[in-house]
Amino acid sequence: MADTTADTTLEKANTTGSAAPAADWRSRGPARRSTHTLRLRVSATLVAVTALAVLLVPPLVQLDQQAVDLASKLLPPSWAHPFGTDDVGRDLLLRCVYGLRVSLLVGVVAALTATVIGTAVGATAGALGGWVDRLVMRLVDTISSVPHLLLGIFIVAMFRPGVWPVVVSVAATHWLSTARIVRAEVLSLRSRPYIDAAVSGGASRWRVVLRHLLPGVLPQAGLAAVLMIPHAMWHESALSFLGLGLPTHTASLGTLIQGARGTLLAGQWWPTLFPGLFLIIPTLAIAGLAGVWRERINPRRRSELTL
């Protein structure tokens with residue numbers, strides 16, 4: 001009788017212990033989906049607010065962001081100047097919006113240019129294979145061995161400070177990762193049955209590349225371009241902070257932070273804080289949208305979210 005009671009108690013304990021993890025495993029599904037939705041909404045809202053500020057504030061606010069007012073220099077944040085003023089009395093909110101506008105322009109153009117170059121190089125290497133693939137990838141490895149910032153400094157040093165030298169510098173140093181991603185995806189697609197069927201049907205190599213391989217790698221290339229935008233913005237800010245990117249009179253986030261170094265040491269924190277936030281917040285928002293995109297195009301990751 002005692003043995004029977006002990007066996008029954010042990011069986012109930014085992015049943016309870018196995019049911020709890022199963023219930024906990026299933027309960028994480030709605031929580032994960034809720035977090036996923038919240039991240040998507042917050043990121044999309046921040047990106048929309050950033051885009052509206054960049055597009056609408058300069059035309060609607062009829063103020064000269066270069067206007068100097070020495071009587072109002074280094075005013076702390078107030079109703080009249082929500083972000084305060086800089087060391088020559090310019091409204092810092094307006095300067096940050098214009099700076100974000102320039103930094104986004106550099107980031108988007110440089111990211112698209114780098115993505116086109118990387119996609120072309122990676123697709124060519126993966127489609128041709130053989131000695132072409134080995135030669136191209138050795139070239140990519142050689143360029144990758146040089147730090148991006150040092151190579152970017154070398155490129156911008158050959159031109160006068162301006163927007164387009166920075167775009168060329170960022171694009172020329174950031175296509176390498178896209179080339180690797182596209183090449184790996186092309187090599188994966190080449191082993192698919194429909195590619196074998198197209199080749200057996202008499203399709204030429206370039207027809208296969210244009211009709212089957214490139215459409216297959218476009219989602220990955222697009223994701224790489226989106227992730228490259230904040231990276232390019234940080235690269236531009238670093239070059240401008242070092243005095244090698246945009247001219248000091250041009251409002252970009254890098255030049256704003258570079259010009260506020262002296263005020264930070266003197267105790268005025270707002271000329272440094274707000275341009276930094278204008279750089280960090282869009283970066284996190286774009287990264288959040290890119291993470292959602294990655295989960296959409298990755299079936300394995302998407303299946304994990306439904307657990």
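The values are calculated or read from the model by the stated rules, or taken from the named source; none is laboratory data. All values reported here derive from a predicted model rather than from experimental measurement. Here the Cβ is made from the backbone with ideal geometry for all residues, glycine too, and neighbour counts use every protein chain on show. Each accessible area value is taken on the protein alone, full model and side chains, heavy atoms only, with ligands, DNA and RNA left out. Shrake-Rupley method; radii C 1.70, N 1.55, O 1.52, S 1.80 Å.
Placing R0 at 45 angstrom, the Cβ-Cβ distance between residue 249 and residue 207 gives a FRET efficiency of 0.30 after rounding to 0.05.
Neighbours of residue 270 by Cβ distance under 15 Å: Lys/Arg scored +1, Asp/Glu scored -1, total +1.
Only protein atoms count toward the accessible area here, which uses a 1.4 Å probe; on region 73-153, the carbon and sulfur part of that area reaches 75 percent.
Karplus-based coupling profile of region 192-205, in residue order and whole Hz: 6, x, 5, 5, 4, 5, 5, 5, 5, x, x, 5, 6, 4, with θ = phi - 60° in 6.51 cos²θ - 1.76 cosθ + 1.60 and x standing for Gly or Pro. Here the contact order of region 169-307, divided by its residue count and restricted to Cα pairs under 8 Å and six or more residues apart, works out to 19 percent.
Which residues does the label zone of residue 188 cover in region 121-137, counting backbone N under 16 Å from a point 7 Å along Cα→Cβ? Residues 122-123, 126-127 fall inside that zone. If I compute solvent accessible area with a 1.4 Å probe over the protein chains, what percent of it on region 163-263 is carbon and sulfur? Heavy-atom surface of region 163-263 belonging to carbon and sulfur, 1.4 Å probe: 63 percent. Neighbours of residue 139 by Cβ distance under 13 Å: Lys/Arg scored +1, Asp/Glu scored -1, total +2. Here the 3J(HN,Hα) profile of region 72-86, calculated from phi with Karplus coefficients 6.51, -1.76 and 1.60 at θ = phi - 60°, is 10, 6, 6, 7, x, x, 8, 5, 5, 10, x, 9, x, 10, 8 Hz, Gly and Pro shown as x.
Note that region 153-159 has calculated 3J(HN,Hα) couplings of 4, 4, 6, 5, 5, 7, 10 Hz, one per residue in order, obtained from phi through the Karplus relation 6.51 cos²θ - 1.76 cosθ + 1.60 (θ = phi - 60°); glycine and proline are x. Each label point was placed 7 Å from the Cα along the Cα-to-Cβ direction; for residue 139 and residue 218 their separation is 2.6 nm.
Annotation: amide H of residue 75 within the under-5 Å range of 85, sequence separation 5 or more or interchain, hydrogens built in the peptide plane.
Among 245-253, 165-173, how do they line up from the highest to the lowest mean number of other beta-carbon atoms within 10 Å?
The most tightly packed comes first, giving 165-173, 245-253.
Mean projected area of the convex hull spanned by the Cα atoms of region 178-232, taken over all viewing directions: 3.8 nm².
Arranged from highest to lowest average of other beta-carbon atoms within 10 Å per residue, in what order do the peptides 196-204, 40-48 appear? Spell out each step's value before the answer.
On the way: 196-204: 11.3, 40-48: 14.3.
The most tightly packed comes first, giving 40-48, 196-204.
Taking the three principal axes of the alpha carbon atoms in region 147-220, the coordinate ranges are 54, 19, 17 Å, sorted in descending order.
Segment residue 281..residue 37, full-extension length gain: 86.0 nm, with 0.36 nm per residue of separation and the alpha-carbon distance subtracted. Here the convex hull built on the C-alpha positions of region 163-307 has a volume of 134 cubic angstrom per residue.
For region 37-188, compute Rg over Rh where Rg is the Cα radius of gyration and Rh is the Kirkwood radius from the inverse mean 1/r over Cα pairs. Before the final figure, lay out the partial values.
Working: Rg = 21.3 Å, Rh = 18.7 Å.
Taking Rh as the inverse mean 1/r over Cα pairs, Rg/Rh reads 1.14.
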